[in-house]
Amino acid sequence: MWPVRVSCLGMGHGSEHGHGHGRTELPDYRQWKIEGTPLEEVQRRLAKRGLRDPWARNEAWRYMGGYAKPATLTEVFTRGLKWGFAAFVVALGIEYALFPPKKNGGHH
């Protein structure tokens, strides 16, 4: 399945001005299948009524790959903890290096 190339001409700028708006590679739409997703049940229920959702495939990506697994509460709170703690330590080191605590003879 070959990626589709989409040009951004006529989408805001009218021509390319070096803003990083080159050609965007889109995945082939045929890679997304509704089989094995909740959309399959939707299509089955629509078929009972003689209907069909032709755009269901456009939503199938939500149920495949990295998007298929819901985020846990632990993942939500710990995702940036490692980098956040490292940034805190660096900021703390810079603060103590540039603005050392004043020693005022033991008085508060």
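Listing for the model above:
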{"read-out": "Cα-based convex hull volume of segment 26-91 per residue, rounded to whole Å³", "value": "129 Å³"}
{"read-out": "Cα-based reach from residue 33 at 19 Å (exclusive), listing lysines while leaving out same-chain residues under 8 positions away", "value": "69"}
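Read-outs: derived from the displayed coordinates by stated rules, not from any lab. Nothing here was measured: the structure is a model prediction, and the numbers come from that model.
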